[in-house]
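So the structure is just underneath, and the comments pick up after that.
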Amino acid sequence: MIIGRKHTKQAWLPRFIGQSFERWTSADRASRLRELREAADAARDQHDWAAAVKLYGEVSAEDPSASDIAVQLGHAHKELGDYDRAGQLYYATLNRKPGDDDLHLQIGHLEKLRNNVAKAMEHYKKQRPTCDRGENISNRT
């Protein structure tokens, strides 16, 4: 995310959207992915969920192993009301990262929206307790 700069829709749209990665050097590819992530984060921060879906989708297509992007893509779908697609993304990511607290929180929210309170509570309870600074305190004595 770019901090300290106001984003307008024109300012955060990356120049590389829709271009093929095939002819890009690894440095160009890394630069494009970074720019797409920043643009997707800016769209998310502005609650422009349709743009966030498009941008996070492009990042995910080029870097399918990026679990954090899959969660953000799921969140954007959830905000658009596409609960089925959000669930697909969340649960696929859960298979790779079963202990991810943020993912359990997002799945809990999704299941609550689906009126599946028991499943929502199951995921909320899987989060580890944290202190105010966000550090895990579940193993403290």
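The values are calculated or read from the model by the stated rules, or taken from the named source; none is laboratory data. Predicted model only: the values in this text are computed from it and were never measured. Don't worry about glycine lacking a Cβ; one is built from the backbone with ideal geometry, like all the others, and counts go over all protein chains shown.
When residues in the range 81-93 are screened for being crowded, with 20+ Cβ neighbours inside 10 Å and of a type in the set (A, V, I, L, M, F, W, C), 2 of them pass. Of the helices (runs of 4 or more DSSP H) lying entirely inside the range 9-70, those containing at least 2 residues that are at pLDDT 90 or above are 26-45, 49-62. Criterion first (surrounded by fewer than 18 Cβ atoms within 10 Å (Cβ to Cβ) and farther than 21 Å from T93 by Cβ) does S65 satisfy it? It is false that S65 is surrounded by fewer than 18 Cβ atoms within 10 Å (Cβ to Cβ) and farther than 21 Å from T93 by Cβ. Can you pull out the residues in the range 58-84 that are under 17 Å from D48 (Cβ atoms) and out of contact with any Lys or Arg (no Cβ under 6 Å at 6 or more places or on another chain)? Passing the criteria: E58, I69, Q72, L73, G74, H75, A76, K78, E79, L80, G81, D82. Checked against (1) at pLDDT 90 or above; (2) under 24 Å from I69 (Cβ atoms), N116 passes all but a single condition, namely (2). Pairs linking a residue in the range 93-106 that is within 18 Å of K78 (Cα to Cα) to a residue that is surrounded by fewer than 13 Cβ atoms within 10 Å (Cβ to Cβ), with Cβ atoms under 8 Å and 6 or more positions apart or on different chains, are D101/R128; D101/T130.
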